[in-house]
Amino acid sequence: MNRDLSSSTFPPGFLWGTAIGAHQSEGNNVASDWWYRENLAGSPVAERCGDAIDSYHRWPEDLDLAAQAGFTDYRFGIEWSRIEPADGAISRAAVAHYRRIVQGAVARGLRPMVTLHHFTLPLWFAATGGWQHQDAVERFLNYVDALAPVLEAGVVRVETINEPNIVAVLPLLTSGTSLAEGLPVPDNALTQIMIAVHRATVERLRVRHPRLEVGWGVSVQDYQAEPGAEAATEAYCEPRDHVFLRASKGDDFVGIHTYTRGRIGADGLPLPAPDNEQTQTGWEFYPAALGGAVRRASRVVDGIPLIVTENGVATSDDARRIRYTTQALYALRAAMDDGADVRGYFHWSLLDNWEWGHWGPTFGLIAVDRTTFARTPKPSLAWLGALAPRQP
Ligand code: BGC
């Protein structure tokens, strides 16, 4: 595994991207439910997002750094609470803002992939029932309709929902480090709502923007069966990700988000993580997870192309990030050699950013000074970008 990777390790046309989320990077999403929760007296959220890394203003610099490093693709988020800060009140200025980012990406040779929902909701939506509201699908589609000027400015791919399987467990989580302990079973009602929102959004985008490639990004960790626990592991995976992967039927791609593994025992419960190297988020440092996750997802989606739209590691040691990513990419390549149809790799994350209540874990290829917002590329940025051959 110490061989160097090169730009010919992956097929021509393979997408090489980085990923970032709206709320985690923009700052001051004051109309969102997370902002409200973070700023409550006695908030359960340990550290506030605040200015985040000010990407709302500094996006041109972020795009410059990604493009100069050699990436071909750029995944970023659109914040619903900025587009529609009050029910039915669309901010034309916010629409124009995201349209400029898309145009800016295209001008720099980056193909934009946008995420429409990444955990945060407009406060008005959350406060009136959120996803459980009887008109939730219609409300979301109104937001999607308002994005037409953004989507028509050069967006190539859309992820409707970031990790619907995590959205469906969010009400059950008490910390952001759940992957280390195994995931609770997603709420079944929320699971069905996520699927309904996704299918309706895909249909709407197909009608209005037929040029777009549409999918969603599912959190798929490498759940490994202990000897004799194969059936129990299938049962473990079923509500946690298989149901979401199967609901991708008919999509253009499925986004796969992988960080670590879990070992499932015959009782259907995850074993305690082995006493191995850990990351800053307390997850086992296990880069080969990407291979296992992609192999399993590939079997379940049955023919839909996969794109790794998140993979990365929280570490303060950038050499460790390069080591993790090298091993993850070899495991990915091996899964592809064995038949997995994978079209691209997006690294989480372009920049160190707010990790859902915590500033400690640093996933970025670029460091950010939280006082001046100055960006400082880490060696991993140029290293990973160099794997991306410029498209003709
Ligand atoms: C989420 C990101 C998060 C990352 C690392 C994914 O579950 O989409 O928002 O920062 O994992 O925890």
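The values are calculated or read from the model by the stated rules, or taken from the named source; none is laboratory data. Please read all numbers here as calculations on a predicted model, not as lab measurements. So basically every Cβ, Gly included, is an ideal-geometry build from the backbone, and we count neighbours across all protein chains shown. Surface areas here come from the heavy atoms of the whole protein model, side chains and all, with no ligands, DNA or RNA. Shrake-Rupley method; radii C 1.70, N 1.55, O 1.52, S 1.80 Å.
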- among the basic types (Lys, Arg), in contact with a strand residue (DSSP E or B) (Cβ under 9 Å, 6 or more places away or on another chain) and either surrounded by fewer than 20 Cβ atoms within 10 Å (Cβ to Cβ) or in a loop (DSSP other than H, G, I, E, B) (or both): does that describe residue 206? yes
- Note on the structure: By residue number, the members of segment 103-117 that are open to solvent by 20 Å² or more (accessible area, probe 1.4 Å) and either of a type outside the set (Lys, Arg) or part of a helix (DSSP H, G or I) (or both) are 103, 106, 107, 109
- Item | Sole residue being more than 22 Å from the chain's Cα centre (by Cα), surrounded by 15 or more Cβ atoms within 10 Å (Cβ to Cβ) and within 17 Å of residue 83 (Cβ to Cβ), chosen from 93, 146, 126 | 146
- Would you mind finding the one in 385, 291, 357, 344 that is of a type in the set (Gly, Ala, Ser), within 20 Å of the chain's Cα centre (by Cα) and within 16 Å of the ligand (Cβ to nearest atom)? 357
- The condition of being surrounded by fewer than 21 Cβ atoms within 10 Å (Cβ to Cβ) and in contact (Cβ under 8 Å) with a residue 24 or more places away in the chain holds, among 217, 228, only for 228
- Pairs with Cβ under 6 Å, 6+ apart, first in segment 149-173 and open to solvent by less than 40 Å² (accessible area, probe 1.4 Å) and more than 15 Å from the ligand (Cβ to nearest atom), second of a type outside the set (A, V, I, L, M) and assigned to a loop (DSSP other than H, G, I, E, B): 151/209
- Task: Residue by residue through segment 231-246, note down the ones that are more than 16 Å from the ligand (Cβ to nearest atom) and either open to solvent by 60 Å² or more (accessible area, probe 1.4 Å) or of a type in the set (D, E, K, R) (or both).
- Result: 231, 234, 235, 238, 246
